[in-house]
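Novice: Okay, here's the structure, questions in a sec.
The values are calculated or read from the model by the stated rules, or taken from the named source; none is laboratory data. Please read all numbers here as calculations on a predicted model, not as lab measurements. All Cβ positions, glycine included, derive from the backbone under ideal geometry; neighbour counts span all protein chains shown.
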Amino acid sequence: MMFNRKTGVAVILTLAIIGGIAATKPPEEHKFQNLKVLPKKISMQDLGKVMDNFKEALGVKCNFCHAASKDSSNHHLDFASDEKPEKNIARKMYKMTAKINKKFFSYNKGETGEMMPSVECMTCHHGHEHPTK
């Protein structure tokens with residue numbers, strides 16, 4: 001009798017563990033929309049770093065490049081929208097600095113071999129919306 005009770009408990013615990021594992025979903029990868037210059041599989045953390053660098057270098061907030069949502073019931077930004085011309089200007093500037101860095105500063109690599117940008121937004125903007133003279 002004791003053997004059957006132990007076996008029953010073991011089976012129930014095993015089923016509970018299997019059910020718990022099956023019920024948990026792996027974390028969903030966030031899929032960003034309308035990425036034209038940045039890598040399609042960029043992490044949320046890395047995208048945040050890039051955007052924070054833009055904000056700091058230009059002394060602006062997100063709404064400088066990103067349009068407000070068309071849905072008036074919320075006050076969020078529509079990050080996928082290309083409505084504001086500043087967003088496409090930022091893309092062109094990003095490509096331009098990458099091209100300059102590749103052409104003139106390709107020797108500038110970090111300890112792990114990654115490119116270390118020599119020219120970036122701050123180089124010309126110095127915390128202002130438009131490059132300083």
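Novice: Can you pull out every residue in region 56-68 that is farther than 13 Å from Lys87 by Cα and either in a loop (DSSP other than H, G, I, E, B) or not aliphatic (A, V, I, L, M) (or both)?
Specialist: Scanning region 56-68 gives Glu56, Gly59.
Novice: When only residues in region 117-130 that are surrounded by 12 or more Cβ atoms within 10 Å (Cβ to Cβ) and part of a loop (DSSP other than H, G, I, E, B) count, which is modelled with the lowest pLDDT?
Specialist: By that ranking, first place goes to Pro117.
Okay, residues lined up against (1) surrounded by 12 or more Cβ atoms within 10 Å (Cβ to Cβ); (2) in a loop (DSSP other than H, G, I, E, B); (3) within 19 Å of the chain's Cα centre (by Cα):
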residue: Arg5; (1), (2), (3): no, no, no
residue: Ile12; (1), (2), (3): no, no, no
residue: Leu47; (1), (2), (3): yes, no, yes
residue: Met51; (1), (2), (3): yes, no, yes
residue: Lys70; (1), (2), (3): no, yes, no
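Novice: Something else now. Would it be correct to say that Ala80 is touching a Lys or Arg at 6+ places or on another chain (Cβ under 7 Å), surrounded by 10 or more Cβ atoms within 10 Å (Cβ to Cβ), under 30 Å from Thr123 (Cα atoms) and of a type in the set (Gly, Ala, Ser)?
Specialist: Spelling it out, it is not the case that Ala80 is touching a Lys or Arg at 6+ places or on another chain (Cβ under 7 Å), surrounded by 10 or more Cβ atoms within 10 Å (Cβ to Cβ), under 30 Å from Thr123 (Cα atoms) and of a type in the set (Gly, Ala, Ser).
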